[in-house]
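Here the structure comes first, spelled out in structure tokens, and everything after it is commentary.
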Amino acid sequence: MLILNKTAGSFSKPSKRKIYEILRCFLFHPGKRFLHKLVLGIETSCDDTAAAVVDETGNVLGEAIHSQTEVHLKEGGIIPPVAQQLHRENIQRIVQEALSASKVPPSELSAVATTIKPGLALSLGVGLSYSVQLVNQLKKPFIPIHHMEAHALTVRLTNNVEFPFLVLLISGGHCLLALVQGVSDFLMLGKSLDIAPGDMLDKVARRLSLIKHPECSTMCGGKAIEHLAKQGNKLQFDLKPPLHRNKNCNFSFTGLQHTVDKIIIRKEKEEGIETGQVLSSAADIAAAVQHTIACHIAKRTHRAILFCQQRGLLSQTNAVLVASGGVASNLYIRKALGIIADVTQCTLLCPPPRLCTDNGVMIAWNGIEKLRAGLGILHSTEGIRYEPKCPLGVDISKEVGEAAIKVPRLKMEI
């Protein structure tokens, strides 16, 4: 694209910002009507109330979020009725703020996309109820969103990623490996058999009373562990990665958590302190826990890549591994995944940290993806229900286990 410089009487190449401004002019006519797809995304699956307006080119036109972290931090964990009430108090304001920031009149929306599965039942109910009223009022299509599908596809908003690609979703509520073959087309390779890694990190942080640590008092559990681990010796405690004899891609964190609890009890006795006080060895425990979780996740991911490459599901030379979800913001875990990506000749991609945690942008973008593909667009909300528990795609984890792929031993020098 060239533009005429009137003063010099010549043509010059405009900046990216100028090109964007020019394109925006073409997307609007004087009546301010939008000529492309616009989706409002609403997210209330857990403890954050979020909304965003995104267009089909990936521009985030407006977003807003109300975090409940501070409230639940004081309570020692998420209490569903409290989360529900906070969603009810804030959802209308958050949606209005997102719309106002986007300067998009509600009548110009192409559709409303909302998380309806999986998540906390009481939280999902608030978002769905509000959305049903909104789409019926505006007479707009409704797009129900699978929370984990949205996390998986977020990378396509920030990067030029083609199908298929491998995705690792790790958060406070989820832990899974899946091959993404298309919009709403997933093959589940492995998942957590008990709790999620973010949940374990939160539990360990609470057991270590890190909220009383002067450097961690305002941090959620995972962030507190990551921060303190930088000061600790990861080899001070001998922790074995879970399921190390099982040649599949499933995860487990409960056994590791129980082992850590026993270590903490022992150290409290050795240091002569009561439960609720901060151990002098807290940093070493945090470092050991983080390292063990990183190794466990990395090994399962390594096996998933090898399985997909051997079956011709992923390229041997330019495959893409995507890590998303709140725990994917942990830089130590990212470095471990980077080692695996290098060994398997994969490209590791992670959405920006703000898009790894729950947000309205990923829900709106999933709505755009579904509009493009013509999938899951409802013109009636009659009979729509939220689903607290819901699988993602087709589960082939048994087939992965039967393949019994041996993963080469790697030195995780992180």
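Laboratory data are not the source of any read-out in this text; all were calculated from the coordinates shown. Computed from a predicted structure; not experimentally measured. Quick reminder, even Gly has a Cβ in these numbers, built from the backbone with ideal geometry, and neighbours come from all protein chains shown.
Between their Cα atoms, which of Lys240/Lys299; Lys103/Lys139; Lys267/Lys335; Lys37/Lys140 are more than 18 Å away from each other? Going by Cα-Cα distance, Lys103/Lys139; Lys267/Lys335 fall outside the 18 Å limit.
Residues whose amide H lies under 5 Å from that of Leu38, counting only those 5 or more places away or on a different chain, are Ser110, Ala111; hydrogens are built 1.01 Å from N in the peptide plane. Full extension of the segment from Lys37 to Ala101, taken as 0.36 nm per residue of separation minus the current Cα-Cα distance, would add 21.3 nm.
Our note on the geometry: Cα centres of the range 209-247 and the range 248-304, 6 Å apart. Have a look at Arg156, Arg311, Arg206 and tell me which one the Gaussian network model of the chain (Cα, springs below 10 Å) gives the largest fluctuation. With Cα springs under 10 Å in the chain, the top fluctuation among Arg156, Arg311, Arg206 is at Arg311. Estimated at 0.36 nm per residue, the fully extended path between His227 and Lys389 surpasses their Cα-Cα distance by 55.1 nm. Return the percentage of antiparallel bridges among DSSP beta bridges fully within the chain, rounded to the nearest 5 %. Rounded to the nearest five, the antiparallel share is 60 percent. Modelled spin labels at Glu402 and Phe163, positioned 7 Å past Cα toward Cβ, are 2.5 nm from each other.
Ranked by Cβ crowding within 10 angstrom, fewest neighbours first, how are Asp55, Asp395, Asp342 ordered?
On the way: Asp55 20, Asp395 17, Asp342 12.
The fewest-first ordering by Cβ neighbours comes to Asp342, Asp395, Asp55.
Of Lys299, Lys335, Lys74, the residue with the greatest mean-square motion in the GNM of the chain, using alpha carbon springs below 10 Å, is Lys74.
For the pair Ser129 and Val82 in one chain, pulling the backbone fully straight at 0.36 nm per residue adds 15.2 nm over the alpha carbon distance.
Ranking of His258, His36, His72, His291 by neighbouring Cβ atoms within 10 Å, starting from the fewest: His258, His36, His72, His291. Summarising the amide proton neighbourhood of Lys117: residues at separation of 5 or more, or on other chains, whose placed amide H is nearer than 5 Å comprise Ile145, His147, Glu387.
When ranked by the protection proxy of mean other Cβ atoms within 10 Å per residue, highest first, what sequence do the peptides 79-87, 124-132, 99-107 form?
124-132, 79-87, 99-107
Rounded to 0.05, the FRET efficiency of the Gln236 and Glu274 pair, given R0 = 25 Å and the Cβ-Cβ distance, is 0.65. Which of rounded, prolate, oblate describes the range 357-414, given a ≥ b ≥ c as roots of the alpha-carbon gyration tensor eigenvalues and a/c under 1.5 marking rounded, otherwise prolate only if a/b is larger than b/c? It is prolate, given that a/c is not under 1.5 and a/b is the larger ratio. Neighbour counting of Cβ atoms within 10 Å sorts the residues Leu187, Leu235, fewest neighbours leading, into Leu235, Leu187.
With a Förster radius of 30 Å applied to the beta-carbon distance between Ser315 and His244, the computed FRET efficiency rounds to 0.60.
Shape analysis of the range 67-174 places it in the oblate category; the axes a ≥ b ≥ c from the Cα gyration tensor give an a/c of at least 1.5, with a/b not above b/c.
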